[in-house]
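Below is one structure; the comments refer to it alone.
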Amino acid sequence: MPPTCYALSLKQPWAALLVAGRKTVEVRRWSTRRRGRVLIHAARVPDERPEAWAHVPAELRPAAEQLGGVVGAADLLECLPYRTFQAFLADQDRHLNAPEWFRPAGLYGFRFANPAALPFVACPGQVKFFRVAWPEAL
């Protein structure tokens, strides 16, 4: 029986950017205590904003066009609280989000390391972390 792993769904191109190591922090409105290896899932619906796709170099475009499945894995190291605009802005080169994304109520940055692309495996995603039966150990 395959082991169960946790996955986090990101819209494209953000999933591909994280798996390629060009994005190391994923911003969410909720915190997590989860740590360790996490599958990176590309959501079925991409981020349509041109400013998101401006981060994607030509060689990463095919990976960023994969939708609705697992595209890679990375180690979730910590959850960073962004309680101030200054803290959010200081990490902009790691999360790649525009300053307008900051919310005064605060945001959280999930810091990832050691990303690796995996062969695409289609599967449905969910809003928060979700379990996936994975055929091999990560």
> Can you name every residue in region 26-56 that is among the aliphatic types (A, V, I, L, M), in contact with a helix residue (DSSP H, G or I) (Cβ under 9 Å, 6 or more places away or on another chain), within 19 Å of LEU118 (Cα to Cα) and part of a strand (DSSP E or B)?
Replying inline: ILE40, ALA42
> Checking GLN92 against (1) under 16 Å from the mean Cα position of the chain (by Cα); (2) touching a residue at least 24 places away in the same chain (Cβ under 8 Å), which test does it fail?
Replying inline: (2)
>> With touching a Lys or Arg at 6+ places or on another chain (Cβ under 8 Å) and open to solvent by 70 Å² or more (accessible area, probe 1.4 Å) as the only criterion, which of ARG44, ARG61, ARG83, ARG103 stands out?
In response: ARG103
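Taking PRO115, is it part of a loop (DSSP other than H, G, I, E, B), out of contact with any Lys or Arg (no Cβ under 7 Å at 6 or more places or on another chain) and in contact (Cβ under 8 Å) with a residue 24 or more places away in the chain?
No, not satisfied.
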> Of all the residues that make up region 1-13, how many are closer than 13 Å to ALA73 by Cα and either in contact with a His (Cβ under 6 Å, 6 or more places away or on another chain) or open to solvent by less than 30 Å² (accessible area, probe 1.4 Å) (or both)?
Replying inline: 5
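Can you confirm whether GLY72 is in contact (Cβ under 8 Å) with a residue 40 or more places away in the chain, of a type outside the set (S, T, N, Q), closer than 26 Å to TYR6 by Cα and surrounded by 19 or more Cβ atoms within 10 Å (Cβ to Cβ)?
Judged against the criteria, GLY72 is a match.
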> Could you count how many residues in region 106-132 are under 13 Å from the mean Cα position of the chain (by Cα) and open to solvent by less than 30 Å² (accessible area, probe 1.4 Å)?
Replying inline: 4
>> Let me confirm something: among ARG94, ARG22, ARG61, which residue is of a type outside the set (A, V, I, L, M, F, W, C), modelled with pLDDT of 95 or more, assigned to a helix (DSSP H, G or I) and within 18 Å of ASN114 (Cβ to Cβ)?
In response: ARG94
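The values are calculated or read from the model by the stated rules, or taken from the named source; none is laboratory data. Since this is a predicted model, take the numbers as computed values, not measurements. Ideal geometry is used to build each Cβ from the backbone, glycine not excepted, and the neighbour counts take in all protein chains shown. Side chains included, ligands, DNA and RNA excluded: accessible areas come from the protein's heavy atoms. Shrake-Rupley method; radii C 1.70, N 1.55, O 1.52, S 1.80 Å.
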